[in-house]
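Data block below; observations after.
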Amino acid sequence: MKPKYKRVLLKLSGESLAGNQKHGIDFDTVLRFCEPIKKCVDLGVEVAIVVGGGNFWRGRSSGDMDRTRADHMGMLATTINALGVCDALEQLGVDVRVQTAISMREIAESYIRNKAIRHLEKGRVVIFGCGTGNPFFSTDTAAALRAAEIEADIVMKATMVDGVYDSDPKSNPDAVKYDTVSFYEVLNKDLAVMDSTAASLCKDNNIPILVFSIEQPDNIFKAVCGESIGTLVKTD
Ligand code: GTP
């Protein structure tokens, strides 16, 4: 099997790490996600990961709380997830480093772009915690930003839906899934792929986004090998 990409940025939704529990971390589920990641590493693909935090906390739906504080709590949630994914990968024998955008040096390395690239070149998976380190930015935006910084070939968004639709498939049974769609359409039709900040960042830096379902974890491996799954968002 020959990989299609040399360096990928995998975005894992926090929610997906909860498995059927819907909250917190289901470690068996995390291990299942990590098996295809190991297969990618064994093929020589450099894998960086950004994890969400929605299985613990969502800054944007925190009611009357101060948004900045709520987002700080969300960043801590992503770090818990980063450590969980790190542990699962290590149990499978993968070398991993966690780097956080907000320093917590007793727990993880601080984010240093060149060091992250060096880890990747040495075949280590790098997991980025704390999002961008700034409030008002999503972990999708963190994925786009880190992908641009490390010059990843693609952002692979492994999530709870199997691609991008022209309308919400939950409310519209006639919704049609795109195989490929342009950034222009995504931004103009406000298609639910990523928030506009994240999509714009990928567009401006010419980084395609592949959106696919994590329900079959092997999709991660299939995506890296270039099988046509999910929806590819790209420049025209
Ligand atoms: P090389 O420079 O390629 O040897 O990378 P390395 O990560 O193996 O070496 P380093 O000596 O930097 O790190 C050894 C271990 O310490 C790794 O598990 C790192 O993740 C960890 N580590 C490095 N810096 C920090 C830090 O600031 N905080 C914490 N908690 N761990 C760190």
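Couple of notes before you dig in:
- Only one of the listed residues (Asp64, Asp28, Asp87, Asp71) is open to solvent by 10 Å² or more (accessible area, probe 1.4 Å), part of a loop (DSSP other than H, G, I, E, B) and among the acidic types (Asp, Glu). That residue is Asp64.
- Condition met for Val161 (open to solvent by less than 30 Å² (accessible area, probe 1.4 Å), of a type in the set (Val, Ile, Thr) and either in contact (Cβ under 8 Å) with a residue 60 or more places away in the chain or over 22 Å from Glu90 (Cα atoms) (or both)): no
- All positions within segment 105-126 that are over 17 Å from Asp42 (Cα atoms) and either part of a loop (DSSP other than H, G, I, E, B) or more than 10 Å from the ligand (Cβ to nearest atom) (or both): Arg105, Glu106, Ile107, Ala108, Tyr111, Ile112, Arg113, Asn114, Ala116, Ile117
- For Val85, the requirement of being within 13 Å of the ligand (Cβ to nearest atom), at pLDDT 95 or above and among the β-branched types (Val, Ile, Thr) is not met.
- Qualifying residues in segment 128-155 (those that are in contact with a Phe, Trp or Tyr (Cβ under 7 Å, 6 or more places away or on another chain) and not in a loop (DSSP other than H, G, I, E, B)) - the one farthest from Ile107 (Cα to Cα): Ile154
- Of all residues making up segment 171-220, the number that are open to solvent by less than 60 Å² (accessible area, probe 1.4 Å), free of Cβ contacts under 8 Å to residues at least 12 places away in the same chain and part of a helix (DSSP H, G or I): 1
- Residues being farther than 14 Å from Leu10 by Cα and among the aliphatic types (A, V, I, L, M) - total across segment 31-50: 2
- Criterion violated by Ala175 - all others in (1) within 24 Å of Thr29 (Cα to Cα); (2) over 15 Å from the mean Cα position of the chain (by Cα); (3) not charged (D, E, K, R) satisfied: (1)
- Cβ-Cβ contacts under 6 Å between residues 6 or more apart (or on different chains), taken from a first residue in segment 100-117 that is open to solvent by 80 Å² or more (accessible area, probe 1.4 Å) to a second residue that is in a helix (DSSP H, G or I) and more than 10 Å from the ligand (Cβ to nearest atom), are listed as Arg113/Glu149.
- Summed over segment 36-61, residues that are modelled with pLDDT of 95 or more and surrounded by fewer than 16 Cβ atoms within 10 Å (Cβ to Cβ) total 3.
- Residues in segment 1-25 that are under 21 Å from Leu145 (Cα atoms) and either free of Cβ contacts under 8 Å to residues at least 40 places away in the same chain or in a strand (DSSP E or B) (or both): Arg7, Val8, Leu9, Leu10, Lys11, Leu12.
- Restricting attention to segment 93-104, the residues being within 11 Å of the ligand (Cβ to nearest atom) and either closer than 24 Å to Cys34 by Cβ or β-branched (Val, Ile, Thr) (or both) number 7.
The values are calculated or read from the model by the stated rules, or taken from the named source; none is laboratory data. All of these numbers come straight from a predicted model, not from anything done at the bench. Note that each Cβ is placed from the backbone with ideal geometry, even for glycine, and that neighbours are counted across all protein chains shown. In case anyone asks, the SASA skips ligands and DNA or RNA and just uses the protein heavy atoms, side chains included. Shrake-Rupley method; radii C 1.70, N 1.55, O 1.52, S 1.80 Å.
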